[in-house]
Amino acid sequence: MKAAVYYSTGGPEVFRYEDVPDPKCHPRGVLIETQAVSIEGGDVLSRAGGELATTPHVVGYQSAGVIREVGAHVTDRHVGQRVVTVSPFGSHAALRSVPVRSTWLVPDGLAIDEAACVPIPFGTADDCLFEFGRLQRGETVLIQGGGGGVGLAAIQLAKRAGARVFATASSDAKLERLRPFGMDEGINYREADLVREIARLTEGVGCDVVVDPVGGDVLQQSLACLAYRGRAITVGNASRGGRLLDVSSLGGGNRSLTGVYLGAEIATDRAYDMIQRHIDDVATGELTAVIDRTFPLAAAADAHAYIESRQAVGRVVLVP
Ligand SMILES: NC(=O)c1ccc[n+]([C@@H]2O[C@H](COP(=O)([O-])OP(=O)(O)OC[C@H]3O[C@@H](n4cnc5c(N)ncnc54)[C@H](OP(=O)(O)O)[C@@H]3O)[C@@H](O)[C@H]2O)c1
């Protein structure tokens, strides 16, 4: 099969488009013909400096396509069904062998590229806001990295839950693209002082929940934006910044900082069903999987470089 592979981590130029052996279908798994790959924030970080589970390595968590083969012990999937899957690596390839449990059926009428973009961003955003952030109707929430995959999902889910939604991005143009998805107030952090701006917008109260997939210095600012009893969620390190934090502001206001990792929850029935609900809601149009651009799989290097240029709003998709 064709795959975008690399032999060592580094910049987008490490990708090679090569023939590699077809994966074998596991007895409790399915073999999927990839039709769309959603490039996740974690894929970019893995390519830049993650572990190589195999050499050459096929990076990537999330993809969707059609089942070509079903394992001998599988009873609830059949050849020809459309599924989206999440697995630790292997998305940047024409074929993918995964356990059945890591697949969700794609409803009729939902475009396969949109389906490819749902499980991780929406599953992560849901866990950040509700399972761990305990967001309530009428509360205020700040979504850092609002134009990213997790950010855009979080904006939509928070708005739907009746929260007042603030989001950050690196330009006014990006922020304008977030407004139709439920952002009430946007903060261009390159021009405004974020902490001061949140204090102004909340009349000095701060935010009840902050979702932070950016990390580094931004996470420090996230803590400074919290209201009394506010909950900050650290869910990523898109900035590749440092991890040292001053947590002295938490204690005085009964504030908290919680780490969220969807990978630790995704095998539970709760998370599996929650993700299926989001897929169904995208299929009905209640939620939107935002796709910014599509590249051929052979141009994976260009697609990763485009993401790193910080122009994308939502997902960049690869098509084999
Ligand atoms: N823990 C989990 O379960 C989990 C699940 C999913 C993702 N994640 C992590 O969450 C992070 C975001 O994932 P994603 O899929 O939303 O990524 P993404 O779509 O690439 O979005 C990342 C966003 O971060 C913002 N950003 C701010 N500073 C940045 C910097 N220095 N470099 C790059 N981007 C920067 C960018 O917006 P601006 O350019 O507008 O600032 C961009 O929109 C990643 O670290 C990912 O690994 C964790």
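Summary table
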quantity	calculated
Segment 121-262 - share of DSSP beta bridges that are antiparallel (%, nearest 5)	0
In order through segment 85-97: 3J(HN,Hα) via Karplus (6.51 cos²θ - 1.76 cosθ + 1.60), integer Hz, x for Gly, Pro	9, 10, 8, x, 7, x, 6, 7, 8, 6, 10, 8, 10
Neighbour cut-off at most 14 other Cβ (10 Å), DSSP loop, trypsin sites (Lys or Arg not before Pro), segment 138-238	ARG190
Fraction of antiparallel bridges per DSSP, the chain only, in percent to nearest 5	55
Segment 11-127, accessible surface, carbon-and-sulfur percent (1.4 angstrom probe)	53
Global geometry of segment 15-80, whether rounded, prolate or oblate, following the gyration tensor of its Cα atoms and the 1.5 cut on a/c	prolate
Probe 1.4 Å, protein heavy atoms only - accessible area per residue of segment 64-144 in square angstrom	37
Helical mean residue ellipticity (222 nm; -39500 (n - 2.57) per DSSP H run of 4+; nearest 500) of the chain	-7500 deg cm²/dmol
Unit charges at the beta carbon, dipole of the chain: most positive-side option, THR34, VAL66, PRO119	PRO119
Within segment 1-91, chymotrypsin sites (Phe, Trp or Tyr not before Pro) in DSSP loop having at most 16 other beta-carbon neighbours inside 10 Å	TYR7
Amide H contacts under 5 Å for VAL210, placed H, 5+ residues apart	LEU142, ARG231, ALA232, ILE233
In nm, spacing of pseudo-spin labels at GLU51 and LYS24 (7 Å Cα→C-beta vector)	2.3
Solvent-accessible heavy-atom area per residue, rounded to whole Å², over segment 198-304 at 1.4 Å	48
Local net charge near VAL165, Cβ-Cβ under 14 Å (Lys/Arg +1, Asp/Glu -1)	+1
Inter-part distance where segment 193-208 and segment 10-58 are each reduced to a Cα centre, Å	41
Counted charge near HIS26, where neighbours are those whose Cβ lies closer than 14 Å (Asp, Glu -1; Lys, Arg +1)	+4
Cα shape, segment 121-262, gyration tensor, a/c 1.5 rule	rounded
Rounded, prolate or oblate (a/c below 1.5 giving rounded, otherwise prolate when a/b exceeds b/c) for the chain by Cα gyration tensor	prolate
Ordering of 138-149, 66-77, 306-317, 243-254 by packing [mean C-beta count within 10 Å, highest first]	138-149, 306-317, 66-77, 243-254
Dipole in debye (nearest 20) - segment 1-77, about Cα centre, beta carbon charges: Lys, Arg +1; Asp, Glu -1	140
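The values are calculated or read from the model by the stated rules, or taken from the named source; none is laboratory data. All of these numbers come straight from a predicted model, not from anything done at the bench. Backbone-built Cβ (ideal geometry, glycine too); neighbour counts: all protein chains shown. Surface accessibility is based on the protein's heavy atoms, side chains included, excluding ligands, DNA and RNA. Shrake-Rupley method; radii C 1.70, N 1.55, O 1.52, S 1.80 Å.
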